[in-house]
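Taking it in order: structure first as structure tokens, then the write-up.
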Amino acid sequence: MKDFLLKKDKIKNLLISASEEWDTFVPWKDLGEDLQFVKLPGAGKEDFLNKLSLEYGSPLIPPKTIAFPQLELLFEFEEGKIKEKVPPPTKKLLFGLRACDVKAILFVDDFFRRNFEDIYYLNRTMDKLLVLVGCKTPPRDCFCTSTKTGPFLPVPRSLGEVRKEGFDLQLVDIGDSYLVEIGSEKGKEFIESYKSFFEVASKKEVELSKDAKKRAEEAITLKVDFEKAVKNFCEDKVSRKVYEKIAERCIYCGGCLYVCPTCTCFNVFDGKKGKRGERSRNWDACVFEGYTREASGHNPRPEKWQRTSRRYEHKLKYDYLTTGMSGCVGCGRCLATCPVNIGISQVIEEVAKNEKRISSLSGKD
């Protein structure tokens, strides 16, 4: 399959041109250097794109917020009449995703259509194009080589294959240009639609991309025995003492859950004033005491360690047994965010050793 070349000085104009047809989202550095994944505005696109950031890191808040916002209005009601607030479907171009976030998007897609098709989510995602930019300098807390979710994803041998990897285009930084690998028919059609911005890559450029991929993989120093840990979880070999040790340190702020690209827990609530009201949903978390509390007041998980076990078993056992995909994609956001330095990578490492206690949850020393 032919590879293409996209020169870096053409990216802004490509995005401006594509935004005429697509709702275009990019990684963007705001004041304070916070990296966010945001939509190009209707006006002032050229100035806006001066803060485009494709070189380093990934947004702390994952791009799942595009389709699954933290707070979402579902419907309004008045005197027995209901007016749904389903978002209209639009074409979305997500340009500059990291490999782990592409895998996370596939995971969340599956969740929202597995048992019940959630039209609120699916309307936002039914026509999307995913452009992956492989990490040149992976974040310190990333362990995607252990989870096999990055820093690059395998290119399909033919576009007729089932899209297991999920990306439409994959960009590899080779200096002044990106080598562009095609992952789907939709990606191929995108290049054809904007062919003035692309050119066919030479053999030398393809070789440069292979070297770049190798250097990126070698730059990831955090390694865990992910497969062994998942096996131990699935075979119920994880001691209660492991969860109790985590529960002693965890302050249950929910930070790790809010930045996790695969967390899908939510709550539904009504607001009413007079004869009018609305129903909304917002992100929630299985580690919060109120999440599993029943209407009677009974809580089937009254102790902190039980809610802790729910989180890790959900990610590393039940998700895997149900879908064949783990709920952890190795992005490292949980460790980067946790105020007491507990990350899922450390839990995985300890469980892989099959120890009866957690001896080191020290984090970022």
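The values are calculated or read from the model by the stated rules, or taken from the named source; none is laboratory data. Note that the coordinates shown come from a computational prediction; the quantities given were computed from them, not determined experimentally. Every residue, glycine as well, gets a Cβ built from its backbone with ideal geometry; the counts of neighbours run over all protein chains shown.
Descriptive notes on the structure:
- Just one of the listed residues (Glu248, Glu235) is under 28 Å from Gly150 (Cβ atoms) and of a type in the set (Asp, Glu), and it is Glu235.
- Listed by position, the helices (runs of 4 or more DSSP H) inside the range 172-264 whose residues that are touching a helix residue (DSSP H, G or I) at 6+ places or on another chain (Cβ under 6 Å) and within 30 Å of Tyr291 (Cβ to Cβ) number at least 2 are 226-234, 240-249, 255-259.
- Complete set of residues in the range 186-224 that are over 22 Å from Thr145 (Cα atoms), polar (S, T, N, Q) and under 28 Å from the mean Cα position of the chain (by Cα): Ser193
- Any chance Asp236 is over 21 Å from the mean Cα position of the chain (by Cα) and either at pLDDT 95 or above or among the β-branched types (Val, Ile, Thr) (or both): no
- Options Tyr243, Tyr258; residue that is in the same structural domain as Leu335 (by TED's automatic domain parsing) and crowded, with 20+ Cβ neighbours inside 10 Å: Tyr243
- Answer from Phe68, Phe95 - the residue that is farther than 17 Å from Cys135 by Cβ, at pLDDT 95 or above and of a type in the set (Phe, Trp, Tyr): Phe68
- Elements of type helices (runs of 4 or more DSSP H) in the range 272-359, at least 3 residues being crowded, with 18+ Cβ neighbours inside 10 Å: 304-313, 333-337, 344-353
- Selected residue (criterion: modelled with the highest pLDDT) from residues of the range 157-185 that are more than 21 Å from the chain's Cα centre (by Cα) and over 19 Å from Ala216 (Cβ atoms): Glu185
- Look at (1) modelled with pLDDT under 95; (2) farther than 23 Å from Ile105 by Cβ and you find that Leu54 fails only one, number (2).
- For the range 163-173, the criterion of being touching a residue at least 40 places away in the same chain (Cβ under 8 Å), surrounded by fewer than 19 Cβ atoms within 10 Å (Cβ to Cβ) and of a type in the set (Val, Ile, Thr) is met by no residue.
- Total residues in the range 69-112 satisfying the condition of being touching a strand residue (DSSP E or B) at 6+ places or on another chain (Cβ under 8 Å) and hydrophobic (A, V, I, L, M, F, W, C): the figure is 13.
- Hits in the range 74-106 (condition: within 22 Å of Leu257 (Cβ to Cβ) and surrounded by fewer than 22 Cβ atoms within 10 Å (Cβ to Cβ)): Leu74, Leu106
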